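The values are calculated or read from the model by the stated rules, or taken from the named source; none is laboratory data. Predicted model, so just to flag it, every value in this text is computed and none were measured. Neighbour counts run over all protein chains shown; Cβ positions are idealised from the backbone, glycine included. Just so you know, the surface numbers come from the protein's heavy atoms only, side chains and all, with ligands and any DNA or RNA stripped out. Shrake-Rupley method; radii C 1.70, N 1.55, O 1.52, S 1.80 Å.
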Amino acid sequence: MSIWLIACCVLMVSAPFGTSFLSFGQRLLYWPIMVGAALVLSGILRSVIPSFGTLTVLRDAVIGAVFALCFVPVIWIMTEFVLRFSPLTRDDLVVLLRDITVFSIAVSIVRGRLERRRAPLPTEEGPASAEKPRLFERLEASGNVQIMRLVANDHYVEVVLDNGNSERLLLRLRDAVAEIEPVEGLYTHRSHWVCRAFVVRGRRMEGRDFIEMADGALVPVSRTFKAKVIENGITF
């Protein structure tokens with residue numbers, strides 16, 4: 001609500017995207033409707049557009065571009081047919097599409113970065129400064145890297161690191177989890193374990209539950225482990 005209110009006030013006063021021809025009274029009606037529609041559309045797109053893995057900025061840019069393509073027709077319909085303000089010419093729509101595409105891609109990238117930063121990262125008092133888990137003795141990785149998640153695949157475990165790399169170990173998942181202590185984490189599925197510090201949020205897509213990680217990956221959540229996931233403060 002606060003985002004909607006602030007955006008409405010700023011847009012009503014600044015009259016961007018060629019809306020300066022509207023009177024203040026018309027902008028008072030126009031912008032609350034359009035900002036509300038934009039927030040709803042943006043939320044839908046961020047839920048339905050799949051993860052691009054580690055290409056998080058590319059996904060944010062795609063969301064912004066798709067938003068512009070979907071939202072300009074909404075502006076045209078609202079301006080010309082619903083609110084019956086001055087009609088938009090073809091040139092007006094081209095300029096509007098260009099401006100909104102650039103603006104929405106920039107906003108989407110910034111929003112994505114802010115959302116990913118909400119996940120608490122290890123602090124000086126946390127796992128980053130403590131003795132590394134025993135599992136690191138099996139890895140080739142060195143330096144200040146952290147384990148984001150574990151994925152079981154037959155008799156192997158894929159260890160996904162926060163530097164974008166991953167390593168495959170001949171090891172059972174439960175044994176790998178035992179060796180990752182004292183890092184806080186949880187099972188989301190019999191084949192998936194995630195480090196709590198790198199969880200961004202829970203997401204529900206096409207009737208299935210996922211956890212979005214800081215690298216943009218979507219980790220499945222099974223019914224067996226969903227209650228435990230929710231107990232850890234992750235909602236869908």
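Descriptive notes on the structure:
- Rounded accessible area per residue of the chain, 1.4 Å, Å²: 58
- Loop-exposed GluC sites (Glu not before Pro) per DSSP, neighbour cap 16 Cβ within 10 angstrom, longest uninterrupted part of the chain: 1-123
- Extension gain, M205 to F52, is 53.6 nm, computed as 0.36 nm per intervening residue step minus the present C-alpha separation.
- Ranking T89, T101, T224 by solvent-accessible area of protein heavy atoms (1.4 Å probe, all protein chains present), from largest to smallest, gives T224, T89, T101.
- F21-L218 FRET efficiency (beta carbon distance; Förster radius 45 Å; 0.05 resolution): 0.55
- With at most 16 neighbouring Cβ atoms within 10 Å, loop trypsin sites (Lys or Arg not before Pro) (DSSP) excluded, longest segment of the chain: 1-83
- Option label - semi-axes √(5λ) of the Cα gyration tensor in Å computed here, alternatives (i) 45, 16, 16; (ii) 31, 19, 14; (iii) 30, 21, 19: (i)
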